[in-house]
1. Tell me, what is the percent relative contact order of chain A, built from C-alpha pairs under 8 Å that lie six or more residues apart?
2. Treat the count of other C-beta atoms within 10 Å as a stand-in for reagent exposure and order A:50, B:217 from fewest to most.
3. Using Cα springs under 10 Å in a Gaussian network model of chain B, which residue among B:65, B:153, B:183 shows the largest mean-square fluctuation?
4. In whole angstrom, and with the biggest value first, how far do the Cα coordinates of region A:101-154 range along each principal axis?
5. So if I average 1/r over every pair of distinct C-alpha atoms in the protein assembly as shown and take the inverse, what Kirkwood radius in Å does that give?
6. For region B:131-179, how big is Rg over Rh, using alpha carbon atoms and the Kirkwood form of Rh?
7. So if I take the alpha carbon set of region B:87-172, get Rg, then get Rh from the Kirkwood formula, what is the Rg over Rh ratio?
8. Can you tell me the equivalent ellipsoid semi-axes for region B:191-256? Use √(5λ) from the Cα gyration tensor, largest first, whole Å.
Ligand SMILES: Cc1ncc(C[n+]2csc(CCOP(=O)(O)OP(=O)(O)O)c2C)c(N)n1
Ligand code: SF4
């Protein structure tokens, strides 16, 4: 029998984790980057060799936040912007669970921005998969906190007047332990970045530049999914290469790879230590 | 066993009750007059293997306790008006996802920042209709520090039994006043645990339609993998837009509360035995004044009674009407501009029972004397008491 191609093997793995029956067709537009993220997340989880029962995937509201519904784990589709706060409760209550949040740029950085920075600050062991498509997809193309200045959204009909922020810098400044960026074009790199995040004991963020051709692409004349992926290919600059280049050469580029990776005590670990110390102290007293 | 009696503040009694009921996770954000509950939980929980987290706001607090409850741990938060407002969207989420949670709202004067350190009952309506959409709430209203302890246990029990958020509605005075509290022995109290599934994972439905309206609940990590969503969902927890499934789910959520109104909401009465024609209806701290007013009135040979519900959501309306059968004038006393009174007008036949308001919203409590004056006024207007 012929060996299955690398591609076919990768897709077999994905099928093993999709929910059977009823859940398909999915709600996404064909060609949306979110499908790539789904595949990559599954492969990364698969590489951990953990039981499906010990994995929780939590999300807010948005096209990206629909992702958990399709995959066979403990899944919690919550309210807009709040996924990280729900995930915090799950993780603190049952630290043995691997807790993953799938979110969008609006969900995570606008309405959920406060929960996001405070989860970084606590360095709680949650992996946030941020699908950044620079737009509010689900509600039909309004600008988001990552929409570039001047780009169009339905609520920025004359171009966005605001400046975007960079979620990776925000996460690093707020105290995250692992921060990486990739794109839906660079799938192999993406698999690695997510795996790195999942393996990190502490707060990890993987920002993924994803295409929403239906709204961002159309409103900004950036064309179809293929053109948008080509744009990603052309403008992504791996951090190793970027370090060697002068700033002028990086002007129209965005940096990909592991941007930040530090070891420090994780929140639940600290709490466990407190519980043990209090128990010891009470034993000594009695 | 030796009885343990303590002098406790309402908020402290709430902490005791929660720990006895098995609460092992608390997510909260400080706000007067509820803060002592968070402080007590922060101190006590880690000493018994539980966990406390101070969240970044109240939206996060309620989200965290829903998450913790999904992970199988009894969970609670505590707040006051402004925080309670912030929690509303996720209270609806706990309701639609049938996740047991307890929310303590220590009422203070509102709206907005209002009167942070003053007593009020102006969240009476919000407790029942705060979140958007059709929603059937449970809100318990204790009236002594002793009851705060017992009702906290009851709130946890009801949330587990019905798989729903339960609100414990206190007020600033109840939270801060100190009273003697009999600490029950653990074997004297009933502790309810949510029903766990016994079927194999393949058969499990997280939102099964059952005869009682309540279905077994697995926790994350137990080997039952399922989806939870705040979208209208089918029995398996997947979003649905099928009209019959929508109706089945909303009806189930409603019926499991409404059908049990008579067991959730009880009544305490004082001086109702000899069928007085005038009675006072109130809840919480005001019911304490009403009880005293009945004593004063009776000393003045005025036949008056008092009645108070132990829950305002849902109200046991059948029992209420039965108890008010002979009452011609009902004084509804409350610390707001008229909320409980509207509920009463909805449920009581005003051709038979006149409803008389007694409202105070200046940050002070209604005194027994104030109620007694109202009774005298009624007498003065020619009513036979
Ligand atoms: C409290 C609240 N406000 C607004 C909405 C409407 N809403 C739903 S999704 C969304 C934006 C989603 O954008 P993003 O997170 O970027 O996800 P995408 O759809 O682009 O993947 C908004 C504003 C909501 N559901 N809840
Ligand atoms: S609207 Fe945009 S983000 Fe949403 S599914 Fe379509 S392409 Fe993807």
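Each reported figure results from applying straightforward, stated rules to the coordinates on display, with no laboratory input. All values reported here derive from a predicted model rather than from experimental measurement. A quick note on method: Cβ atoms are made from the backbone with ideal geometry, for glycine too, and the neighbour counts reach across all protein chains shown.
1. 16
2. Working: A:50 14, B:217 23.
Placing the least packed residue first, the sequence is A:50, B:217.
3. Per the Cα network of chain B with a 10 Å cutoff, B:183 tops the list.
4. Each principal axis gives a Cα extent; for region A:101-154 these are 36, 19, 14 Å.
5. Hydrodynamic radius (Kirkwood, Cα only) of the protein assembly as shown equals 27.0 Å.
6. My calculation puts Rg/Rh at 1.04.
7. 0.97
8. 20, 15, 10
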